[in-house]
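Student: Below: one structure in structure tokens.
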Amino acid sequence: MPITGSRTGKSQIYREIFCISCNRKGTKRMETGSRLTVRAYHVYSVEYGEENRIDVDGHMTVQPGIADSIKAGEPLISDIKIRIIQPDEHQQHTNTVMDVIPLSTKVLGRVGEGVTHTLTGVYVILTGVDEGGRQVCNFGASDGILKDKIAWGRPGTPLESDILISFDVVLKEGTWADRPGPEAIHRACDAFCQIFRSQMKKFNGYKCTEKHVFQETYEPGRKDVVIVKEVSGQGAVYDTRLFGHEPGGYEGGRSVIDMGWMPVIVTPNEFRDGIMHAMD
């Protein structure tokens, strides 16, 4: 179809060219799903300070006294200790590791789409024990020397060069084996993380140290790959929450136990963005 001499405008000509290329015999059509943009901000220093604060230039301060106000809202928690662990301080004892949490927050859209801000160079490590010394786990406790208890540098785990913020919780004795106890630990840690998430939402997008865009695409008529992931849901210490308000967050999520252990479908971008929060 010649387009020279046409009286249509440029935009119309471009649309005609696009339609010709899409409808040409043998041309594959692609459909798009969600689009996720992740802006990463590297943290260079974490120090104790008078407030819990993170700035866009990578400087973070932690005020351990916030633990008292968080503990006040959780009657099953006996004590909370918040500490900074520098990369050269891994030769120390840790209670069982319940979670390693990246600090990420939604700026636009829900989990799995829109824009996410995340920090690199720092992780929150959640550990738990009860007043009687019982580690918060059914079996396979990971208490011991921290350096030996984390598989460093793997997907979902920190690098040895990362700074850790330890959120160590002591439950009332005998409460570790019922759902309310471990849930209180995760809820308390989530409240601490939200302090920093709220500040990260206001970061200037142009000042990120990395930017990654993930566009889901689907090709009609072709088979897709489906991954079946088995998650914990036996109860007590073992549970998994889905569809929280924040990436990897607790609040707003639903327990797979409360959903009757029914299978649910999550998109690649939802999984990538932290739609799942493992609680074992």
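Values in this text are rule-based calculations from the coordinates and carry no lab data. Note that the structure is a prediction, hence the values are computed from the model and not measured. Note that we place each Cβ from the backbone using ideal geometry, even for glycine, and neighbour counts take in every protein chain shown.
Student: Which one, (i) 6, 27, 36, 21, 8, 2, 0, 0; (ii) 7, 31, 39, 20, 3, 0; (iii) 6, 25, 30, 19, 8, 6, 4, 1, 0, gives P(r) over Cα pairs in 10 Å bins from 0, in percent as derived from the coordinates shown?
Tutor: After the calculation, the listed value that fits is (iii).
Student: Just in segment 227-280: which chymotrypsin sites (Phe, Trp or Tyr not before Pro) are loop by DSSP and have at most 13 other Cβ atoms within 10 Å?
Tutor: 261
Student: For segment 40-167, calculate the relative contact order in percent as a whole number, restricting contacts to Cα pairs under 8 Å that are 6 or more residues apart.
Tutor: With pairs under 8 Å counted, the relative contact order is 28 percent.
Student: Gap in Å between the Cα centre of segment 98-112 and the Cα centre of segment 141-205?
Tutor: Spelled out, the Cα-based centre of one part sits 13 Å from the other.
Student: Looking only at 92, 215, 194, which one moves most when the chain is put into a Gaussian network model with springs between Cα atoms under 10 Å?
Tutor: Looking only at 92, 215, 194, the biggest GNM fluctuation is shown by 92.
Student: Another question, if that's okay. For residue 191 and residue 160 in one chain, what is 0.36 nm times their gap in residues minus the Cα-Cα distance, to one decimal in nm?
Tutor: Length difference between fully extended and current span is 8.6 nm.
Student: Sticking with this structure for a sec: What relative contact order, as a whole-number percentage, does the chain give when Cα pairs under 8 Å and 6 or more residues apart are counted?
Tutor: 24
Student: Right, another one. Neighbouring Cβ atoms within 10 Å as the yardstick, rank 273, 99 fewest first.
Tutor: 99, 273
Student: Can you give the angle from 0 to 90° between the axis of helix 180-200 and the longest principal axis of the chain, with both taken from C-alpha atoms, to the nearest 10?
Tutor: Helix 180-200 and the main axis of the chain meet at about 60 degrees.
Student: A further question follows. Within segment 32-217, what is the number of lysine pairs with alpha carbons under 29 Å apart, leaving out pairs fewer than eight places apart on the same chain?
Tutor: 21
Student: Once the Cα gyration tensor of segment 30-131 is found, what semi-axes does its equivalent ellipsoid get, as square roots of 5 times the eigenvalues, in whole Å, sorted largest first?
Tutor: With the √(5λ) rule applied to segment 30-131, the semi-axes are 29, 18, 15 Å.
Student: Please rank 267, 127, 217, fewest neighbouring Cβ atoms within 10 Å first, as an exposure proxy.
Tutor: Result, fewest neighbours first: 217, 267, 127.
Student: Give me the percent relative contact order of segment 176-280, please, defined on Cα pairs under 8 angstrom at least 6 residues apart.
Tutor: It rounds to 30 percent for segment 176-280.
Student: Please give me the summed charge of the neighbours of residue 184: other residues whose Cβ is under 12 Å from its Cβ, Lys and Arg +1, Asp and Glu -1.
Tutor: -1
Student: Looking only at 242, 103, 146, which one moves most when the chain is put into a Gaussian network model with springs between Cα atoms under 10 Å?
Tutor: Its mean-square fluctuation being the largest, the pick is 146.
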